[in-house]
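Contents: one structure, followed by commentary.
The values are calculated or read from the model by the stated rules, or taken from the named source; none is laboratory data. Computed from a prediction, not measured in an experiment: that's the story for all the values here. Here the Cβ positions follow ideal geometry from the backbone for every residue, glycine too, while neighbour counts run over all protein chains shown. SASA here: full protein model, heavy atoms, side chains in, ligands and nucleic acids out. Shrake-Rupley method; radii C 1.70, N 1.55, O 1.52, S 1.80 Å.
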Amino acid sequence: MPADRPRTDSTHCLVWCAAIICAIITFGVIVAGVVTFIGYQVIHPKVPYVSVVDAHLDTIRIDYAGVLEVQATINMRAENGNRKARARFSHLLFHFSLDGVVLAHLVGGPFDVRKNSFVDFHYVAQSTPVALGPEQEELVDTSLKRNLIAFNLKGGAKARWKAGPLGSIKFTSNLDCLLRFHPLNGTYIPSRCTSSAS
Ligand SMILES: *[C@@H]1O[C@H](CO)[C@@H](O)[C@H](O)[C@H]1NC(C)=O
């Protein structure tokens, strides 16, 4: 009659101990995960970002020599969705361009944004008169005729949260948008223009 090899009590004990320790570790990992998740949901930190809220094309002129003059007002917002920490924005730098020709550099910062708040600011992007190439000249001509022109706003900012004694958490915000206007009355055609973090 075949019989199991008899096991000693000490083997049983080792297997049980290992099983119990495994169970405790597994349970600990699950609890840590749940606590982290809930903590994240409660604090709900949203990475600081900048966005274009509104804009207006104040001036656009091109003369017969192809010299372009542009002025646009760009209203922006720096937002801090963190309820526990204030954010500091710095090194704001945006290039306002038309078909690859940079018309104006917009710089700003540093400034602070309170917990769970935002700061609005604006730029007046004014081009120094710039001589366009024939292709860009034609682009501007057709844009004026169609009453629709698009500029590019590209750049970014640095932001950081003061995280108490732990130091600070740093972010880089990148913005790359098309700003479209009706040149006849300067109206901005709203579209989503929000920085992404990296
Ligand atoms: C500006 O012109 C566009 C297109 O002609 C029109 O849709 C828009 O309502 C105008 N905006 C204002 C403020 O007049």
Point to revise | I189 - accessible surface, heavy atoms, 1.4 Å probe, Å² rounded to 10 | key: 30
Exercise for review: Set the Förster distance to 45 Å, then compute FRET efficiency between A19 and R192 from the Cβ-Cβ distance, nearest 0.05.
Suggested key: 0.25
**Study point:** Among G156, F118, T142 the positive-end extreme of the charge dipole of the chain (Cβ point charges)
**Key:** F118
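Could you tell me the relative contact order of the stretch 49-197? Use alpha-carbon pairs under 8 Å, at least six residues apart, and round to a whole percent. All intermediate terms of the calculation are to be shown ahead of the outcome.
Values: 371 pairs, mean separation 41.7, N = 149.
Here the relative contact order equals 28 percent.
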Study note, to complete from the structure: Per-residue ellipticity at 222 nm attributable to helices in the chain (runs of n ≥ 4 DSSP H, -39500 (n - 2.57) apiece, nearest 500 deg cm²/dmol) works out to -8500 deg cm²/dmol
**Study point:** Helix 9-43 axis, angle to the chain major axis (alpha carbon atoms, nearest 10°)
**Key:** 20
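Rank these by accessible area, largest first, 1.4 Å probe: W161, W16. Kindly include the intermediate steps, with their values, before the conclusion.
Numbers: W161 15, W16 165 Å².
Largest accessible area first, the list is W16, W161.
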Revision key, fill the gap. Placing each pseudo-label 7 Å from Cα in the direction of the beta carbon, D176 and D112 end up separated by a distance in nanometres of 3.4
**Study point:** For the chain, cysteines whose Cβ has no other cysteine Cβ within reach (under 4.7 Å)
**Key:** C13, C17, C22
Check your understanding: What percentage of the solvent-accessible surface of the chain, computed with a 1.4 Å probe over protein heavy atoms, is contributed by carbon and sulfur atoms?
Key -> 60
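Per residue, what accessible area does the chain have, given a 1.4 Å probe and all protein chains present, in Å²? The partial results should precede the final answer.
On the way: 12680 Å² over 198 residues.
Solvent-accessible surface per residue comes out at 64 Å².
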**Study point:** Cα-based Lys proximity count in the chain, under 29 Å, for pairs eight or more positions apart or on separate chains
**Key:** 19
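For the chain, what is the charge dipole size about the Cα centre, in debye to the nearest 20, if Lys and Arg each add +1 at the Cβ and Asp and Glu each add -1 at the Cβ? Let's see the in-between values first.
Values: 20 positive and 15 negative charges, 240 e Å.
Dipole of the chain, to the nearest 20 debye: 1160 debye.
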Exercise for review: Quick one: Debye curve from the alpha-carbon atoms of the stretch 49-197 only, equal weights, vacuum; give me log10 I(q)/I(0) at q = 0.13, 0.18 Å⁻¹ to two decimals.
Suggested key: -0.60, -0.97
Revision key, fill the gap. With +1 on the Cβ of every Lys and Arg and -1 on the Cβ of every Asp and Glu, the dipole magnitude of the stretch 106-172 about its Cα centre, in debye rounded to the nearest 20, is 680
Check your understanding: How much FRET efficiency would the formula 1/(1 + (r/R0)^6) give for R146 and Y64, where r is the Cβ-Cβ distance and R0 is 30 Å, rounded to 0.05?
Key -> 0.90
